[in-house]
Each structure stands twice: as structure tokens, then as C-alpha cells.
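The values are calculated or read from the model by the stated rules, or taken from the named source; none is laboratory data. Just so it is clear, the structure is predicted and the values come from calculations on it, not from any experiment. Note: ideal-geometry Cβ built from the backbone for every residue, glycine included; neighbour counts use all protein chains shown.
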Amino acid sequence: MEPTTQTPERHENVTVIMGALMITMLLAALDQTIVSTALPTIANDFHALNELSWVVTAYLITSAVVTPLYGKFSDLFGRKRMLIIAVLIFLLGSVLSGLSGSMMQLVLFRAIQGIGAGGLMSMVFATIGDVVSPRERGKYQGLIGAVFGVSSVIGPLLGGFFTDNLSWRWIFYINLPLGALALAAIAFKLHIKVERREHKIDYLGAVLLMVSVVSLLMATVWGGSTYAWGSIQILWLLWAGVFFGYSFIWWEGHATEPILPLALFKNSVFTVSSLLSFVSGFAMFAAIIYLPEYMQVVRGYSATKSGLLMLPLVAGLLSASVISGRVISHTGKYRLFPLFGTVITGVGLVLMSGLQLDTSQWVLSLWMFVTGVGIGSFMQVMTLAVQNAVDYKQLGVATSAVTFFRSMGSSFGTSIFGAVLASRFAVHLKDLAPDIAQSVSGMGTASINVLRTLSRTAAEPAFHAFTKSFDDIFLFASPIMLIAFVVAFFLKEIPLRNEIKQEAEFDVVGI
């Protein structure tokens, strides 16, 4: 069966909406990477190095917690309304973050920004489900997925440029023109019919989910760094996460309109896709996020140069994302891509676990390209499969749930692999450079500055320890991708529909 054709007017307006959605996704994805290069400068301005991690953690926690809430509310009140609210909250948080006068204020305003970001990601994918049929959706979601790869490069570049030439505050102000453009297109171009009915909001479920997620994320953020994994603080956080998580599951089975309907898990496509999103997010995002750190720490590259050297990974991700999306739209089949993608990503991680101090940049670029091809082949397929398998009335909550599990996987993975990186570095440093192990006590900025004061010959054992530590996290991530492959094997193939269950209305006048 051939894909359905669109009228010229409809195609033009879908293109406008997709452009707005890509800008909207860029807002959220860019903010995950643009901040990293400015963190040392921010810490120096506010004289608050110890609280620096909270600038990232506050954003991470709030964006993960609110994702399911946006999904449920969008099913009740409409996608357009919730998308506009998410953009406005994000822009408010951006302005306030740029105006921050202390580290405490910045952390608070980043949390507000995260509340908006959680809605941006989930609402973009849900809105695609409103305006494009599942058969055509693959190629559009491939473009949206490519935004993540592009942001991983331009984020550090923009962050470094603004910090060096203007001010770190501009990493937040840059969101305003982008957000205004996306907001205008959404407000004036996207018109989706909303079925009005009586609602009963599951506030208790929202609170239980929030406490559970925050507790578990805090345990992974603090574990092995601020507190030992076996400390009473971490054990209490883990207990709270499990207890409130169980309470949330129990309550969702009794709530009148649950935030995350447990009936969704009776759908095998939803269950497998959610699990695959969590497992793959755990491995691939957690491992890949450390590549720029390897380049900066071990090879001494600037943030700008390390960002540019990530281009092979982005090229692989971008090309695979676009090609896989078009193939899915043409054939109407998607199951092959998670199987292929998880294997290729695993191969790329195994290759990168062989990093050495003298590994050629060309060889590393090839490894990154392979990994990017793997990620781009399947990163957005789970969302497409779920949207095709669930009832339209649950499109928002189902889409947000998949996004939520992927965010949770990447959040847990980033924290856990960060702890692994630090612990393995301590072990390798003690073995390879015991004479400087006292002065280089960790992987922080202070330790790196100590190494920079030494000659390359004197510091080489420590850099070798760094390299072996990065090798370890890539190697540890590889079997997790094998688990993802096994999970993908159980993904059911359902022919993609050629129709949209509820037609969206569009204005005809171009912007």
C-alpha cells in the first residue's frame, strides 16, 4: 500500500508546523548541552563550585517528573494548549536564569526551565501524531530525531562562543528568539479539535510519581560522590523511591483518570517500546555524553574543538535518522530498525572501549560515525510504534510515557556511569600513577588543572588512567545494548496506518 498523498495546501502547512516543532525540540535539546561549557565560568562568578552540579540536576529532575503530567493533561485539554504552556514556562525559566544573581537563584530558575522542557519534548512527538498519519510519520520523526544530534554539536559551540565573547547569560537569552518563532507558528498555524468532557485530575498520582522519581534520581546523583552508596542517606532515598513508586502503581489502578493508565501495559507494543526506551537511553546517552569530556581531559582540546570533532557521530545519526524515517514511511514497517540499530550501537561502543592515548582521530571519527548510525536508526521508532498501536484518546499519555522512560533511562545512566567513571579512575590512577594520586583526587576541574601544570611525560600515567576509565564505561554500556536488542526482538510489527484518527485543521496563509 502506497503512502497517502497530501493536498498542496495541507503539505505546505504540515511543513510549517514541522518547522515549528523542530525549533521547539531544539530548545529543549540544546539546553541539555549548551550549559556544560559555561559551568566553570558560572561557578567562578558565583563562587559556588560545590553547588555547580545542581545547575544540571535541577533541570534534569523537573523535566523528567513533569513529562507524564503533560501527556495526560494534553489528552484532557488539548495538545496545542499544553505545548504553548510548555514553551512559555521554558522561556520564563530562560529569562530568569539569565538574570540570576546567585547560584541558589540559578538552580531554582533552572528547575522552572526544566518544567517547561519536559513538556516540549513529549508534546512535540504527540503533536506529530495529531497532524501526520503513522505511515507518513516516520520521515518527520526522523527529522525531529536528527535535532538531538545537531544540538550535541552546536550546543557546546554556542556555549563556548557566548561565554568567551559575550556572557554566559546569553546561553539562556538565545532561547527567546527561537522560542518566539516557534510560539508564533504554533499559536497561528496549529489548530486541533479538542473533545470537551468532564475531567478529574489525578493529583495524588502526580505527587506519588514526583516523590518516587525525585528520590531515585537524587540517589543516583549523590551516590558515590556526595555520599557513599551504602550510606544511610542513599539507602533512605532508594527506599523512598521504591515505596512511593509502588504506591503510585497501586493508586493508578484505582484512580478514576490515572496519569499513567496501567491498561496501557496490556498493549505489548507499548510495554516493549517503553522498556526499550529506558534500556537504550541508559546505555547510549550515558556513554556518548562522555566523549567530549574525553577529548577535553585526555587530549586537551577546547570545548569548541571537542564539539566540532563530534560531527562524525552527528553525521551518522542525522543520515540514519532521515533514511530510516523515509524507509519506514515507504514500506510501512519499522521492526527491523530497533534490531539493526541496537546491534550497530553496541558495536560502536565496543570499538570505543579500545581507546588509547594515541588513537588516531580518524579512527575515533569512524567509531563515532558507526555509533551515530546505530542510534539514528532506531531512536524515534519506539514513539512511532506506540502512537500507531494505542487509541487516539491516549495518544498524549502514551507518547509522554515513552519519552518519560527514555529520559529516566538517560538520567539514571548518566549518573551511574558518572560514578563508574570516577571510581574506575581512582583505581587506575592508583595502579598507574601512585606518585601523583594524592594531588589528583578526582575528575574535577581542580585535578585537571594540576595535571596541566605538569609536563606531558609526568602527567602521561594519569592521562592513561583517564583513558582506561573512559574505556570502562563504553565497555560496560555494550552489554546493556545487547539487552536492548533482546527487548527489541519482542517488538510486534503492526502495519502503519495511512490515516490520522482525528484530522487537524490548518490555516492556509503562510507565515
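Do we have residue 318 as touching a residue at least 12 places away in the same chain (Cβ under 8 Å) and either in the same structural domain as residue 384 (by TED's automatic domain parsing) or surrounded by fewer than 22 Cβ atoms within 10 Å (Cβ to Cβ) (or both) here?
yes
Is one or more of the residues making up the stretch 84-94 part of a helix (DSSP H, G or I), at pLDDT below 75 and surrounded by 20 or more Cβ atoms within 10 Å (Cβ to Cβ)?
no
Can you say whether residue 290 is buried (at least 20 other Cβ atoms within 10 Å of the Cβ) and modelled with pLDDT of 80 or more, as far as the supplied structure shows?
Against the criterion (buried (at least 20 other Cβ atoms within 10 Å of the Cβ) and modelled with pLDDT of 80 or more), residue 290 does not qualify.
So the check is Cβ under 8 Å with 6+ separation or different chains; which pairs have a first residue in the stretch 327-343 that's at positive phi and a second one that's surrounded by 20 or more Cβ atoms within 10 Å (Cβ to Cβ) and part of a helix (DSSP H, G or I)?
Listed by first residue and then by second, the contacts come to 332/135.
Given 197, 169, which one is at pLDDT 70 or above and basic (Lys, Arg)?
It is 169.
Might you check whether a residue that is more than 18 Å from the chain's Cα centre (by Cα) and either touching a residue at least 12 places away in the same chain (Cβ under 8 Å) or at positive phi (or both) occurs anywhere in the stretch 371-383?
Within the stretch 371-383 (the criterion being more than 18 Å from the chain's Cα centre (by Cα) and either touching a residue at least 12 places away in the same chain (Cβ under 8 Å) or at positive phi (or both)), the answer is no, since none of the residues qualifies.
Exactly one of (1) farther than 19 Å from residue 111 by Cβ; (2) surrounded by 19 or more Cβ atoms within 10 Å (Cβ to Cβ) is unmet by residue 227. Its number?
In the conditions (1) farther than 19 Å from residue 111 by Cβ; (2) surrounded by 19 or more Cβ atoms within 10 Å (Cβ to Cβ), residue 227 misses (2) alone.
Do we have residue 252 as acidic (Asp, Glu) and within 30 Å of residue 343 (Cα to Cα) here?
Spelling it out, it is not the case that residue 252 is acidic (Asp, Glu) and within 30 Å of residue 343 (Cα to Cα).
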